[in-house]
Amino acid sequence: MTKSLKRILKNKAGRSFGTITVRHQGGRMKRFLREVDFKREKKDIWAKVETVEYDPNRNADIAKVVYEDGERCYIIAPDKLVVGAKVIASDSAPIEVGNALPLGKIPVGTPVHNIEIKPGGGGQIARGAGVLASIFGKDETHMLIKMPSGEIRKFDPDCWATVGQVGNVDHKHRRIGKAGVNRRRGKRPTVRGVAMHPGAHPHGGGEGRSGIGLKYPKTPWGKPAVGKTRKPKKYSDRLIVKGRKRGKNG
């Protein structure tokens, strides 16, 4: 019996034991969770693309592939991947859309997505609709990857990535149309901080329409919201060759 690739996704509505831990969530429609293979675990076996599908849990499309041994799984669907195409995850895979290889085996300039941070950890970077990173260069011990944000970062050559740009490129041009569309997706209304009273948000208070009244914007919990918000001495600082563009105070 073939293992199901879908299971019911429990709706937690941003709550933990009844306490709101993530704001602006709740009220979404029922949905399934599709088990996506970010690790591309079946190596050196060709797979054929059966379908390219919509996934309610992400903005990228997903592709259902069937391997030569009959097993099926979902992968992130790259742009220009069509039904009937063949893909493979292998050290010696051809540099073609949908194929997965170690970064050290991919030529400079190649667009990639679904990149591992640590070898064997599964793809965690560049998975959103229309996103791509590119192989920027190589040094003695690391691969240099230009991230979608413009940041240039070092990666272990043994980390795996998939060739191509993530599909559903036109997602950023979508029109929501009405508030009910977002409500069905589980997104509840977001009230501006300046419209609140001062006890609920640092931006609140003041007579009439007033600005935030502070030197810099803050989160509801008083932490900086624009500019240098990155944690000092973060573990990945040593891997960043060139930082991304930051906000006004960055």
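Conditions tested, residue by residue: (1) surrounded by 17 or more Cβ atoms within 10 Å (Cβ to Cβ); (2) of a type in the set (Ser, Thr, Tyr); (3) outside any strand (DSSP E or B).
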position: Ser92; (1), (2), (3): no, yes, yes
position: Val97; (1), (2), (3): yes, no, yes
position: Gly104; (1), (2), (3): no, no, yes
position: Val112; (1), (2), (3): yes, no, no
position: Ile135; (1), (2), (3): yes, no, no
position: Glu140; (1), (2), (3): no, no, yes
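Can you confirm whether the stretch 159-166 contains a residue that is farther than 22 Å from Lys48 by Cα and at pLDDT 90 or above?
yes
Being surrounded by 14 or more Cβ atoms within 10 Å (Cβ to Cβ), in contact with a Lys or Arg (Cβ under 8 Å, 6 or more places away or on another chain) and within 27 Å of Arg183 (Cα to Cα) is the filter here, so list the residues in the stretch 53-68 that pass it.
Across the stretch 53-68, the qualifying residues are Asp55, Pro56, Arg58, Ala60, Ile62.
The values are calculated or read from the model by the stated rules, or taken from the named source; none is laboratory data. Fair warning: this is a prediction, and the values are worked out from it, not measured in the lab. Using ideal geometry, Cβ is built from the backbone for each residue, glycine included, and neighbour counts are taken over all protein chains shown.
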